[in-house]
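No value in this document is a laboratory result; all are computed from the given coordinates. Predicted model only: the values in this text are computed from it and were never measured. Glycine gets a Cβ as well: all are built from the backbone with ideal geometry, and neighbour counts include every protein chain shown.
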Amino acid sequence: LAKTTQPISMDSYEGQEVNITCSHNNIATNDYITWYQQFPSQGPRFIIQGYKTKVTNEVASLFIPADRKSSTLSLPRVSLSDTAVYYCLATVDKAAGNKLTFGGGTRVLVKP
Amino acid sequence: DTEVTQTPKHLVMGMTNKKSLKCEQHMGHRAMYWYKQKAKKPPELMFVYSYEKLSINESVPSRFSPECPNSSLLNLHLHALQPEDSALYLCASSPPGTGPSSYNSPLHFGNGTRLTVT
């Protein structure tokens, strides 16, 4: 089953910007790219969603190039509380269930 | 706190027991989901209900039986589970969308039920 691909882990320091890139080479034409954050023993929490170009909200930005084969989640000025696992979701082939399939996620550790 | 409520938060059951997990949302969402998550692994999709009808079953063993009594409630009935079924069971909901936009809406997750099978 095709899934998105992300780095397994990233370390950062408080106040830095963290960029996580997700690969989704065969993304379906009509589908969005969605990012979630998950803390231990909690359900994933929606962060941001986009289709193309750039999307920004109060917590993150999402950059999507024209070919849509990848996307980059940008977390500005991270704090210790941003330590979490970050997942991107996108359909990489046409079965509906794949749209709802989580990739491996990126474990982000923010250090003091 | 989340807008999707799951009960119980923790459940310990023997392999011969029958138990049920419950999920409730009052956001008017018409799609509801069950995911299973093992430690340090991503959530795995189990079932999807759309407008109270089962629309996706990801080849889940029959010892897991979902039920959607109405648009706000989702149950997962458990029977004759194995120790390897121990996991965090997550419920989510979303507006379902239609056609090519189906399931594009962000998912709203509960905080899960931590299930231990002994």
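Here are a few things to note about the model shown:
- Among (1) more than 20 Å from B:Met15 (Cα to Cα); (2) more than 13 Å from chain A (Cβ to nearest Cβ); (3) out of contact with any His (no Cβ under 9 Å at 6 or more places or on another chain), the one test that B:Asn104 misses: (2)
- In summary, B:Lys41 fulfils each of the numbered conditions (1) surrounded by 15 or more Cβ atoms within 10 Å (Cβ to Cβ); (2) closer than 22 Å to A:Trp35 by Cα with the single exception of condition (1).
- Of the strands (runs of 3 or more DSSP E) entirely within the range B:12-94, those holding at least 1 residues that are within 14 Å of chain A (Cβ to nearest Cβ), in contact with a helix residue (DSSP H, G or I) (Cβ under 6 Å, 6 or more places away or on another chain) and of a type outside the set (S, T, N, Q) occupy B:44-50, B:53-57.
- Meets criteria (within 9 Å of another protein chain (Cβ to nearest Cβ), under 23 Å from B:Pro43 (Cα atoms), more than 10 Å from the chain's Cα centre (by Cα) and surrounded by fewer than 17 Cβ atoms within 10 Å (Cβ to Cβ)) for A:Gln38: no
- A single entry from A:Thr29, A:Thr53 fulfils the requirement of being surrounded by fewer than 17 Cβ atoms within 10 Å (Cβ to Cβ) and either at the interface with chain B (Cβ under 9 Å from one of its Cβ atoms) or in contact with a Gly (Cβ under 6 Å, 6 or more places away or on another chain) (or both): A:Thr29.
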